[in-house]
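Encoded as structure tokens, the structure appears first; notes follow it.
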Amino acid sequence: MLAACTGGTPSGSAGSTGTPVSGGTLVYATGDAEPTCLDPHVGGNYPQALVATQYLEELVSRDKTGTIIPWLATAWKESADGLSWDFTLKPGVTFTDGTPFNAAAVAANVAHLQNPATGSSTGYLALAKVTGVEALDAQTARFTLSSPDSALLDSLSQPWLAMESPTALARSQAENCESPVGTGPFIVKQWNKQQSISLVRNDNYTSPPADAAHTGAAYLDGIEWRFLPDSASRFAALQAGTVDVIDNAQPDTIIQAQKNQQLSYLNAPRPGASNRIELNSSTAPFDDPNVREAFIRSADVDSAVSSLFFGTAKRSYSPLSSAEPLAYSEPSVFTYDQAAAAKLLDAAGYTDRTPDGYREKNGQVLELTFPVSTNQSIPAEQSLFQQIQATAKQAGFKIDLQPMDLSSWYAALAADKYNLVDAPYTKVGPDVLRILYDSAGTVPAPSGYFANLSQLKDPSLDALLEQAAATSDETQRSSLYQQAQKVVLDGFYILPLYDQQNGYLEQSVAHGLRAMPTVSTPTMYDVWVQR
């Protein structure tokens, strides 16, 4: 997000006992960036998923074991050749603007996600193999695919592919961004930019996921969703009781909160990729594998994670989050060894030194550009980057850490102005490896974002990922994804750090909070407050 502070399956809050009462407004303070659009089809980043979970819903969800369970779809069936899937939809559901939820609505949503004008990134990439959706009847939607996709259900469980009212989608994008319309337990009432979003209860709500704790309308009258980026201010507001729940809890505040009986902690590591540094292999100096390995040998991550995260985060040695059952770790690849780093840089030709001790080759300093999104990277993590900068300097690397806002960070990546980058990517299931490391991922999505930031282009890896996506044999699928992860690790394309953290702290007045077992966003549907 530590009995409650170490990795594991997201769970309900410690203070969820008692008889629920209706009424009241919950105040939630987020440290994530304020979305530029409340429709997660547009772009598709985690701040959108956090808030959209309160008003949009998906066709399917997952339970705590990772099993796909019904939500807006009650059943599904794959064809024998894997090239089509038929989804049976929950009857009697309407969007909050009165538009019926039916197969035509599903088709309209997929078309919206795949329309380049929408500017989708996460949803667009997840639907890469879907060629279209047709309504067989009002309650049956058929997805057709260009090739079998074992990750389709995982993809459809994500907030970035949630169902929205076709009537609302027909409005201008600007209008839909202000007030997307879903079937969820809450409705977007008002967005006060740079301050908050006001959400009110959907009194006619009928469509909770199969693992919800109750049925019918939500208990809360509404939610005040505040943007409070400063972590100290956010925790102070929680302690003072002016907010009820905060996210992006920092390691030091988690430790403080454990000593306060009025607060509880919900730990919910995100699925998909681990938090890692990508090495841009498309350009010098990381087009040389010796230099990539030298950088990784020079980075003392273990000590930094231990000292900066106070035991709230566990070091990762895998491309995948520990929440993913098929994650493969290889700690020996990431042994801290300055002597080995020096030999590798000698072999790569970086044998000269500047007066400051940085390595040089043909008069070129071994200098690395590292843009850092201050909207996505917590203070402890930025300190981790500084410690990596310090230990890499001992080997002769000059790392230019460049803190910047989210839009500038996206622009730097799009312009290929980086050697190192830490880019979180959340997706349900190991198919995130296809998004991040298939050669096709070097081509920007309609939003302009490309996900293969190590710019890894390996036909043999592409073939492994394609085979893994095409098979439903779990043993074979596991083997193929393990082989794919070994290619990424053994090629020194990434430096895994730790799981992407979702840490929620809540006041004792709030009950019933849980993180969705899909991408670990909080859901307020079962939440009630007693002040």
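The values are calculated or read from the model by the stated rules, or taken from the named source; none is laboratory data. Everything numeric in this text was worked out from a predicted model, so none of it was measured. Here Cβ is always computed from backbone atoms with ideal geometry, including for glycine, and neighbour counts include all displayed protein chains. The protein model used for the area step is the full one, side chains on, heavy atoms only, and it has no ligands, DNA or RNA in it. Shrake-Rupley method; radii C 1.70, N 1.55, O 1.52, S 1.80 Å.
Residues that are in contact with a Ser or Thr (Cβ under 9 Å, 6 or more places away or on another chain), open to solvent by less than 40 Å² (accessible area, probe 1.4 Å), of a type outside the set (Gly, Ala, Ser) and not in a helix (DSSP H, G or I) within segment 367-399 comprise 371, 378, 397, 399, listed in sequence order. Within segment 291-319, the set of residues being aliphatic (A, V, I, L, M) and under 28 Å from the mean Cα position of the chain (by Cα) comprises 296, 299, 301, 304, 305, 308, 313. Taken over segment 163-212, the criterion of being aromatic (Phe, Trp, Tyr) and touching a helix residue (DSSP H, G or I) at 6+ places or on another chain (Cβ under 9 Å) is satisfied by 191 alone.
Matching residues to (1) touching a strand residue (DSSP E or B) at 6+ places or on another chain (Cβ under 9 Å); (2) among the hydrophobic types (A, V, I, L, M, F, W, C):
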{"residue": "245", "(1), (2)": "yes, yes"}
{"residue": "256", "(1), (2)": "yes, no"}
{"residue": "259", "(1), (2)": "no, no"}
{"residue": "277", "(1), (2)": "yes, yes"}
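For residue 511, the conditions (1) open to solvent by less than 40 Å² (accessible area, probe 1.4 Å); (2) closer than 23 Å to residue 325 by Cβ are fulfilled apart from (2). Could you tell me whether segment 332-349 includes any residue that is loosely packed, with under 13 Cβ neighbours inside 10 Å, not in a loop (DSSP other than H, G, I, E, B) and not basic (Lys, Arg)? The answer is yes; a qualifying residue exists.
Looking across segment 350-366 at every residue that is part of a loop (DSSP other than H, G, I, E, B) and of a type in the set (S, T, N, Q), the one that is least open to solvent (accessible area, probe 1.4 Å) is identified as 354.
State the number of residues belonging to segment 262-312 that are among the β-branched types (Val, Ile, Thr) and either buried (at least 24 other Cβ atoms within 10 Å of the Cβ) or assigned to a strand (DSSP E or B) (or both). Total satisfying the criteria: 4. The set of residues from segment 215-226 being touching a strand residue (DSSP E or B) at 6+ places or on another chain (Cβ under 9 Å) and open to solvent by 30 Å² or more (accessible area, probe 1.4 Å) comprises 217, 219, 221, 224, 226.
Residues in segment 430-448 that are out of contact with any Gly (no Cβ under 8 Å at 6 or more places or on another chain) and either crowded, with 18+ Cβ neighbours inside 10 Å or under 19 Å from residue 377 (Cα atoms) (or both): 8 in all.
Within segment 464-501, the set of residues being open to solvent by 10 Å² or more (accessible area, probe 1.4 Å) and assigned to a loop (DSSP other than H, G, I, E, B) comprises 471, 472, 473, 491, 492, 493, 499, 501. Listed by first and then second residue, the pairs linking a residue in segment 144-161 that is over 20 Å from residue 37 (Cα atoms) to a residue that is open to solvent by less than 10 Å² (accessible area, probe 1.4 Å) and among the hydroxyl-bearing types (Ser, Thr, Tyr), with Cβ atoms under 7 Å apart and 6 or more places separating them unless they lie on different chains, are 157/61; 157/518.
Scanning segment 16-57 for residues that are charged (D, E, K, R) and open to solvent by less than 10 Å² (accessible area, probe 1.4 Å), we see that the one that is farthest from residue 237 (Cα to Cα) is 57. On inspection, residue 322 passes the criterion of being under 19 Å from the mean Cα position of the chain (by Cα) and open to solvent by 70 Å² or more (accessible area, probe 1.4 Å). Sub-7 Å Cβ pairs linking a first residue in segment 224-250 that is among the β-branched types (Val, Ile, Thr) to a second residue that is open to solvent by less than 50 Å² (accessible area, probe 1.4 Å) and in a helix (DSSP H, G or I), at least 6 apart or interchain, are 243/237; 246/234; 246/235; 246/238, ordered by first then second residue.
Can you tell me which residue in segment 227-261 is modelled with the lowest pLDDT, limited to those that are hydrophobic (A, V, I, L, M, F, W, C), closer than 20 Å to residue 46 by Cα and open to solvent by 10 Å² or more (accessible area, probe 1.4 Å)? Talk me through it step by step, then tell me what you get.
Applying the first criterion (hydrophobic (A, V, I, L, M, F, W, C)) to segment 227-261 yields 227-228, 232, 235-238, 240, 243, 245-246, 249, 254-255, 257.
Among the residues that remain, those that are also closer than 20 Å to residue 46 by Cα are: 227-228, 245-246, 249.
Checking the rest, the ones that are also open to solvent by 10 Å² or more (accessible area, probe 1.4 Å) come to 227-228, 249.
Details: 227: 97, 228: 96, 249: 91.
For segment 227-261, the residue satisfying everything is 249.
Scan segment 278-285 and give yes if some residue there is closer than 30 Å to residue 151 by Cα and acidic (Asp, Glu), otherwise no.
Scanning segment 278-285 turns up at least one residue that is closer than 30 Å to residue 151 by Cα and acidic (Asp, Glu).
Note on segment 225-253: residues that are charged (D, E, K, R) and in contact with a Ser or Thr (Cβ under 6 Å, 6 or more places away or on another chain) amount to 2.
Those residues that are closer than 28 Å to residue 373 by Cβ and assigned to a loop (DSSP other than H, G, I, E, B), I need them from segment 208-241; list them, please.
Hits for segment 208-241 are 228, 229, 230.
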